[in-house]
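Down below is the structure, laid out as structure tokens.
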Amino acid sequence: MVMRNYEIIMVASANQTDEEGQVVFDKFKKIITDAECTVQFESSWGRRRLAYEVEKERNGIYHLLYVEGHGELLEELKRQVGYDEKMLKFFVVSVDDLETAYQNFEALKADPQKTANLVSEVIGA
């Protein structure tokens with residue numbers, strides 16, 4: 001199987017404690033390792049306001065995983081997220097380099113104003 005690099009963003013319901021949210025994320029990490037894929041990096045982004053209401057919820061607990069895996073893993077994760085009532089959203093982005101993607105995210109997380117500045121530069125505001 002061809003292994004590719006993915007940034008996986010999971011959003012769990014904010015109607016649970018942080019510990020309960022971590023249990024949910026750990027369940028999905030186990031699915032990844034059981035599929036003989038590896039979680040290279042992970043980052044908890046914590047509770048954040050959603051851009052739009054999802055399943056009548058306005059907030060979610062965000063967690064990012066940087067994974068080396070195959071396409072079958074993505075299908076299984078998508079299927080399992082559909083079964084889990086505590087998960088609101090699941091996004092996957094293919095990345096070239098896991099370490100660079102992780103470091104870029106951590107830098108933006110540490111300095112949120114940098115994100116606003118980058119967006120302003122792109123749109124010319």
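Looking at region 94-108 only, could you name the residues that are under 15 Å from the mean Cα position of the chain (by Cα) and either basic (Lys, Arg) or outside any helix (DSSP H, G or I) (or both)? Within region 94-108, 94, 95 meet the criteria.
On the stretch given as region 1-31, residues that are surrounded by fewer than 19 Cβ atoms within 10 Å (Cβ to Cβ), in contact with a His (Cβ under 9 Å, 6 or more places away or on another chain) and in a strand (DSSP E or B) total 2. Out of 23, 11, one residue alone is β-branched (Val, Ile, Thr) and in contact (Cβ under 8 Å) with a residue 60 or more places away in the chain. It is 11.
Among the residues making up region 32-70, those that are at pLDDT 85 or above, touching a strand residue (DSSP E or B) at 6+ places or on another chain (Cβ under 8 Å) and outside any strand (DSSP E or B) are 32, 33, 35, 37, 70.
In region 58-82, what residues are surrounded by 14 or more Cβ atoms within 10 Å (Cβ to Cβ) and among the acidic types (Asp, Glu)? Give the derivation first.
Of all residues in region 58-82, those surrounded by 14 or more Cβ atoms within 10 Å (Cβ to Cβ) come to 59-70, 73-74, 76-77, 80-81.
If the condition is that a residue be surrounded by 14 or more Cβ atoms within 10 Å (Cβ to Cβ) and among the acidic types (Asp, Glu), then 68, 76 are the ones that fit.
In this structure, residue 76 does not qualify as touching a strand residue (DSSP E or B) at 6+ places or on another chain (Cβ under 8 Å), closer than 18 Å to residue 5 by Cβ and either modelled with pLDDT of 85 or more or not aliphatic (A, V, I, L, M) (or both).
Taking region 38-56 as the range and being exposed (fewer than 14 other Cβ atoms within 10 Å of the Cβ) and acidic (Asp, Glu) as the test, the residues that pass are 53, 55. Here is the figure for region 82-109: residues that are at pLDDT 85 or above and closer than 19 Å to residue 24 by Cβ total 10.
The values are calculated or read from the model by the stated rules, or taken from the named source; none is laboratory data. A quick note: this is a predicted structure, and the numbers were derived from the prediction, not measured. A quick note on method: Cβ atoms are made from the backbone with ideal geometry, for glycine too, and the neighbour counts reach across all protein chains shown.
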